[in-house]
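Asker: Before we start, here is the structure in question, set down as structure tokens.
The values are calculated or read from the model by the stated rules, or taken from the named source; none is laboratory data. Just so it is clear, the model here is predicted, and its values are computed rather than measured. With ideal geometry, Cβ positions are generated from the backbone for all residues, glycine too; neighbour counts draw on all protein chains shown.
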Amino acid sequence: MRDGLVCLNGRVRRDPETPVHLDRDKIEIGKSQVTAREFVYLVLNKARGVVTTASDEKGRGTVYAYLDKSLPWVAPVGRLDKASEGLLLLTNDSEWAGRILAPESHIDKTYHVQIASTKPQEIAKKLAAGVESNGELLRVKRAAVLRQGQRNAWLEITLREGRNRHIRRMLAASGVEVLRLLRVSIGPLALGALAKGTTRSLSAEEKRALDVALATAISSH
């Protein structure tokens, strides 16, 4: 602006604090008109074995291999570790992502977890009561048995506020091996039948439902 390269409605402006109405003013830098960036909101069914970073120093596959090259840059909203699967949001709307991840948002995140245990009821009760890991008391909002086999079982676990490797740390501290861990929902958004390793756009209705859940969670905190 101070170099005289910015025009507002055809006139050069040099004051960075010049007020602008984005819905009706024409802004140009040089001779190129500035347009509002289109926000992208994606749902990805993350496969096991890939990481949620743009690149990896160990040469491991990343979630970016799943994305269409024509898309603008997007970033994961939170993370799933390499061994975890399921629902992951990606967006270029950093403000929205920050609100989703903020500690005060408390949007429920639900996981289906396969464990090497034949006593899932006991494990679920222990998780609901809270488990200490490295001097930190970790809790879940809900833990219930989905189904039980002869050698393993599936739990449904809901977190209100997730810490790093929250569920894995709780189960490890309880002496339980995790066989699979899938995130199946974030607030009202469910993974559904989205195929492994594929993405789709968040619908307007889904985005609106997430925004309502976010506003409700923050106002009730």
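Asker: Every residue in the stretch 102-123 that is part of a helix (DSSP H, G or I) and surrounded by fewer than 15 Cβ atoms within 10 Å (Cβ to Cβ), please. Spell out the reasoning first.
Answerer: Taking the stretch 102-123 and keeping what is part of a helix (DSSP H, G or I), we get 120-123.
Within the stretch 102-123, Gln121, Glu122 meet the criteria.
Asker: I want to confirm something. Restricting to the stretch 4-20 and keeping residues that are out of contact with any strand residue (DSSP E or B) (no Cβ under 7 Å at 6 or more places or on another chain) and at pLDDT below 85, which single residue is surrounded by the most Cβ atoms within 10 Å (Cβ to Cβ)?
Answerer: So the residue we want is Pro16.
Asker: Another question about this same structure. What number of residues within the stretch 165-204 satisfy the criterion of being closer than 26 Å to Thr216 by Cβ, among the polar types (S, T, N, Q) and surrounded by fewer than 16 Cβ atoms within 10 Å (Cβ to Cβ)? Spell out the reasoning first.
Answerer: Restricting attention to the stretch 165-204, the residues satisfying the condition of being closer than 26 Å to Thr216 by Cβ are 166-167, 182-192, 194, 200-204.
Filter once more, keeping what is among the polar types (S, T, N, Q): 185, 201, 203.
Checking which are surrounded by fewer than 16 Cβ atoms within 10 Å (Cβ to Cβ) leaves us with 201, 203.
Summing the residues that are closer than 26 Å to Thr216 by Cβ, among the polar types (S, T, N, Q) and surrounded by fewer than 16 Cβ atoms within 10 Å (Cβ to Cβ) in the stretch 165-204 gives 2.
Asker: For Thr53, work out the one condition from (1) closer than 30 Å to Arg2 by Cα; (2) out of contact with any Leu (no Cβ under 8 Å at 6 or more places or on another chain); (3) among the β-branched types (Val, Ile, Thr) it doesn't fulfil.
Answerer: (1)
Asker: Could you tell me which of the residues Arg151, Arg147 is within 26 Å of Leu189 (Cβ to Cβ) and charged (D, E, K, R)? Break it down stepwise before answering.
Answerer: On the way: Arg151 fails: within 26 Å of Leu189 (Cβ to Cβ).
Answer to the check: Arg147.
Asker: Of the residues Thr91, Thr110, which is under 15 Å from the mean Cα position of the chain (by Cα), under 22 Å from Ala153 (Cβ atoms) and at pLDDT 90 or above? Before the answer, list the steps.
Answerer: Values: Thr91 fails: under 22 Å from Ala153 (Cβ atoms).
Just a single option satisfies the conditions, and that option is Thr110.
Asker: Also, I was wondering about something else. Here are Asp68, Asp23: which of them is exposed (fewer than 13 other Cβ atoms within 10 Å of the Cβ) and assigned by TED's automatic domain parsing to the domain that holds Thr198?
Answerer: Values: Asp23 fails: assigned by TED's automatic domain parsing to the domain that holds Thr198.
After applying the criteria, what remains is Asp68.
Asker: Look at Lys109 and say whether it is in contact (Cβ under 8 Å) with a residue 40 or more places away in the chain and either assigned by TED's automatic domain parsing to the domain that holds Ala153 or of a type outside the set (Asp, Glu) (or both). Walk me through how you get there before you give the answer.
Answerer: Working: in contact (Cβ under 8 Å) with a residue 40 or more places away in the chain: yes; either assigned by TED's automatic domain parsing to the domain that holds Ala153 or of a type outside the set (Asp, Glu) (or both): yes.
Against the criterion (in contact (Cβ under 8 Å) with a residue 40 or more places away in the chain and either assigned by TED's automatic domain parsing to the domain that holds Ala153 or of a type outside the set (Asp, Glu) (or both)), Lys109 qualifies.
Asker: Only one of Ala144, Ala209 is assigned to a helix (DSSP H, G or I) and either surrounded by 15 or more Cβ atoms within 10 Å (Cβ to Cβ) or not assigned by TED's automatic domain parsing to the domain that holds Gly86 (or both). Can you tell me which?
Answerer: On the way: Ala144 fails: assigned to a helix (DSSP H, G or I).
Result of the check over Ala144, Ala209: Ala209.
Asker: Further question: Out of all the residues in the stretch 151-172, is one or more over 27 Å from Asn92 (Cβ atoms), in a loop (DSSP other than H, G, I, E, B), modelled with pLDDT of 90 or more and not assigned by TED's automatic domain parsing to the domain that holds Val63?
Answerer: yes
Asker: Pick out the one residue from Arg60, Arg2, Arg79, Arg48 that is basic (Lys, Arg), within 30 Å of Ala204 (Cβ to Cβ) and part of a loop (DSSP other than H, G, I, E, B). Lay out the reasoning, then the answer.
Answerer: Details: Arg60 fails: within 30 Å of Ala204 (Cβ to Cβ); Arg2 fails: within 30 Å of Ala204 (Cβ to Cβ); Arg48 fails: within 30 Å of Ala204 (Cβ to Cβ).
Unique residue meeting the criteria: Arg79.
Asker: Right, something else. Checking Val63 against (1) surrounded by 13 or more Cβ atoms within 10 Å (Cβ to Cβ); (2) within 13 Å of the chain's Cα centre (by Cα); (3) closer than 26 Å to Ala217 by Cα, only one condition comes out false. Which one?
Answerer: (3)
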